[in-house]
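Asker: Pasting in a structure now, in structure tokens, and then I'll have a few things to ask.
The values are calculated or read from the model by the stated rules, or taken from the named source; none is laboratory data. Remember, it's a predicted structure, so these values are computed and weren't measured experimentally. Note that each Cβ is placed from the backbone with ideal geometry, even for glycine, and that neighbours are counted across all protein chains shown. Keep in mind that these areas ignore ligands, DNA and RNA; they rest on the heavy atoms of the full protein, side chains included. Shrake-Rupley method; radii C 1.70, N 1.55, O 1.52, S 1.80 Å.
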Amino acid sequence: MRLRIQPASRLSGAISVPGDKSISHRTLLLAALADGISNLQGWLPAADCEATLRCVRALGVQVERPARDHLVVHGSGLKGLQPASEPLDCGGSGTTMRLLMGILAGFPFPSMLVGNPQLSRRPMERVAQPLRRMGAEVFTTEGHAPVRVRGGSLRGIQYELPVASAQVKSAILLAGLYADRPTTVIEPVPSRDHTERLLGAMGATVQREGNSITIEPAEQLRSLSLTIPGDPSSAAFLVAAALLIPGAQVQIPGVLLNPTRLGWVEAWQAMGAPIQVISEAEVGGEPVGLLTTAAAARLQAIEIAGAIVPRMIDEFPIFAVVATQAEGVTQVRDAAELRVKESDRIAALAMELRRMGAQIEEHPDGFTVYGPTPLRGAVVHSHGDHRLAMALAIAGLIAQGETIVEDAACIADSFPGFVEAMQALGAEIEPVS
């Protein structure tokens, strides 16, 4: 599928975004390990989360689906998963593979985890190494998938992450549920903490002191019933469009407002964006509320580095688009992790935004954007990366002339309904064959 985008003359409205992707993965995995029945409303029916659902069912967990975004999970208990009859297909989802590695480290049967070619390029030794230290047998394929895991009796460890990664942290903490003593993970800087929050809400003992998180071995997890809040990473694309289009006004209700996920909001506010964050409730230990924004009269370039980077790691593609319209030189450093996402996001961003006239320089751990620069319509490619595809679509709204985004079907990996949401706000964007 390709997307055809015309410059936008207006953009306004109130619109919800689908359930948070990170929480959808985690609630399903933890509900599968809980005692009792869990109800998950607002679950994200995106390709990556569907991979987690497929794997959970393959491990013997009964999951009913009254609606596309509603799951009823009959938990197997912490020790109730069954061996899969065939390799567990994680599709393109790194979260699925890495978190399952941690869970399966607690089970004595062998499991094989496989993924598509894109996932099979992503590093898995960063998870395998600490799990081996805990006593699991973990074999990667030259550091990548396919991955074979055979677990069993695990020992608790203290592990210092070389790079901030919520997925690696989560895998170790999940394995820690099955260890003989407490397991501690030390982060270089804080990353998203949904796993810790959910584990605590389900009865596990999890403690944080500074950048150190400790989990106690558990006997059981309580089931949970919740409505999963809207994904702030998806909301970022709608907010960016509103910032860049004159006269725009957008409201997004029911959004997850976890501070470990709002680095992009802080960054854009520092650039002069009129974004308001209104906290309204708490769901499953997570703050939820309203995001509102309007067109920015003037955006000023900033520098991004250090602790904020993990808190906006998924939003750098759309951040780069906004930076093309900021006055001055925007610099991003300490973001080498972008090179091992669904694509090499640093290289792909630089390549595609240059096609549209942006002045962007690629660096080993980030990029530099010079602005403001008028963008021009062009034929650009997603590189199979859902966040890059959406970022390029938003760039097309402020470009002169028509923009075509090739290979845009990958958007469904995280934001099914993206095109419809943009159309509802008034954007001229449509799929073409």
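Asker: I need the Debye-formula profile for region 183-223: one equal scatterer per C-alpha, no solvent, reported as log10 I(q)/I(0) at q = 0.14, 0.16, 0.18 1/Å, two decimals.
Answerer: Each listed q corresponds, in turn, to -0.30, -0.39, -0.49.
Asker: Then there's this: How many Å³ per residue does the convex hull of the Cα positions in region 1-98 occupy?
Answerer: Taking the convex hull of the Cα positions in region 1-98, it is 133 Å³ per residue.
Asker: In addition: How would region 62-104 be classified by its alpha-carbon gyration tensor: rounded, prolate or oblate, with rounded meaning a/c under 1.5 and the a/b versus b/c comparison settling the rest? All intermediate terms of the calculation are to be shown ahead of the outcome.
Answerer: On the way: a/c = 1.83, a/b = 1.23, b/c = 1.49.
Here region 62-104 falls in the oblate category.
Asker: Right, here's the next one. Count the net charge of all other residues whose Cβ sits under 13 Å from the Cβ of residue 376, scoring Lys and Arg as +1 and Asp and Glu as -1.
Answerer: Taking every Cβ under 13 Å from that of residue 376, the sum is 0.
Asker: Using only Cα atoms, tell me the angle between helix 94-104 and the longest principal axis of the chain; keep it within 0 to 90° and round to the nearest 10.
Answerer: Between the helix axis and the principal axis of the chain, the angle is about 10 degrees.
Asker: If you place +1 on the Cβ of every Lys and Arg, -1 on the Cβ of every Asp and Glu, and leave all else neutral, what size is the dipole of region 1-143 about its Cα centre, to the nearest 20 Debye?
Answerer: 480 debye
Asker: With every protein chain present, what accessible area does residue 9 have (1.4 Å probe, heavy atoms only), rounded to the nearest 10 Å²?
Answerer: Approximately 100 Å² for this residue.
Asker: Put 70, 144 in order of accessible area, largest first, 1.4 Å probe: what do you get? Let's see the in-between values first.
Answerer: Values: 70 30, 144 55 Å².
Descending order: 144, 70.
Asker: Go through region 325-408 and name the GluC sites (Glu not before Pro) that are in a DSSP coil and have 16 or fewer other Cβ atoms within 10 Å of their Cβ. Please list the in-between numbers first.
Answerer: Values: sites: 327, 337, 342, 352, 361, 362, 402, 406; in loops: 342, 402.
Here the sparse-neighbourhood loop sites are 402.
Asker: Once the other residues with Cβ under 10 Å from the Cβ of residue 337 are scored (Lys, Arg +1; Asp, Glu -1), what is the net sum?
Answerer: Here the charged neighbours net out to +1.
Asker: Alpha carbons only, please: Rg and Dmax for region 220-365, in angstrom.
Answerer: In Å, with Rg to one decimal and Dmax whole: 16.2, 56.
Asker: Using only alpha-carbon positions, what ratio does the radius of gyration of region 116-164 give when scaled by 2.2 N^0.38 Å?
Answerer: Working: Rg = 11.6 Å, N = 49, 2.2 N^0.38 = 9.7 Å.
Cα-based Rg divided by the globular estimate yields 1.21.
Asker: Quick one: of the DSSP bridges fully inside the chain, what percent are antiparallel, nearest 5? Display every interim value, and only then the final one.
Answerer: Working: 56 of 77 bridges.
Antiparallel bridges: around 75 percent, rounded to the nearest 5.
Asker: A follow-up question, please. Among the trypsin sites (Lys or Arg not before Pro) within region 12-120, which fall in a DSSP loop and have no more than 10 other Cβ atoms within 10 Å of their own Cβ? Don't jump to the answer; show the numbers that get you there.
Answerer: Numbers: sites: 21, 26, 54, 57, 68, 79, 98; in loops: 68, 79.
Answer by residue number: 68.
Asker: Given (i) 60, 43, 43; (ii) 80, 63, 37; (iii) 74, 55, 38 as candidate values of Cα extents along the principal axes in Å, which corresponds to the one derived from the coordinates?
Answerer: The value computed from this structure is option (i).
Asker: Only sites in a loop by DSSP and with at most 16 other Cβ atoms within 10 Å count here; which trypsin sites (Lys or Arg not before Pro) in region 111-217 make the cut?
Answerer: 155
Asker: How big is region 274-433 by the Kirkwood estimate over distinct Cα pairs, in Å?
Answerer: 16.6 Å
Asker: Given +1 on the Cβ of Lys and Arg, -1 on the Cβ of Asp and Glu, and no further charges, what dipole in debye does the chain carry about its Cα centre, rounded to the nearest 20?
Answerer: Dipole of the chain, to the nearest 20 debye: 480 debye.
Asker: Might you work out the accessible area of residue 370 for me, using a 1.4 Å probe with all protein chains in place, and round it to the nearest 10 Å²?
Answerer: 80 Å²
Asker: Further, regarding this structure: How big is the accessible area of residue 418 in square angstrom, nearest 10, if you roll a 1.4 angstrom probe over the protein chains?
Answerer: 0 Å²
Asker: Another question about this same structure. Would you tally the net charge around residue 366, using a Cβ to Cβ cut-off of less than 13 Å, leaving residue 366 out, and scoring K and R as +1, D and E as -1?
Answerer: Every neighbour counted, the sum reads -4.
Asker: By how many degrees, 0 to 90 and rounded to 10, does the Cα axis of helix 47-58 deviate from the longest principal axis of the chain?
Answerer: 10 degrees
Asker: Quick one, can you get me the convex hull of the C-alpha atoms of region 326-412 expressed as volume per residue in Å³?
Answerer: Convex hull volume per residue, Cα atoms: 79 Å³.
Asker: Would you calculate the volume per residue, in Å³, of the smallest convex hull containing every Cα atom of region 72-224?
Answerer: Values: hull volume 16.5 nm³, N = 153.
Dividing the Cα hull volume of region 72-224 by its residues yields 108 Å³.
Asker: Normalised by the empirical 2.2 N^0.38 Å for globular proteins, what value does the Cα Rg of region 283-356 take?
Answerer: 1.28
Asker: Counting only DSSP beta bridges with both residues in region 47-166, tell me the antiparallel percent, nearest 5.
Answerer: Taking every DSSP beta bridge with both residues in region 47-166, the antiparallel ones total about 85 percent.
Asker: On a 0 to 90° scale, report how tilted helix 125-134 is relative to the longest principal axis of the chain, with both axes built from alpha carbons and the result rounded to the nearest 10.
Answerer: So the inclination is approximately 20 degrees.
Asker: Bin by bin, in steps of 5 Å, what percent of the Cα pairs in region 2-54 do you find, going until the bin that has the longest distance?
Answerer: Spelled out bin by bin, region 2-54 gives 4, 15, 21, 15, 12, 11, 9, 6, 4, 2, 1 percent.
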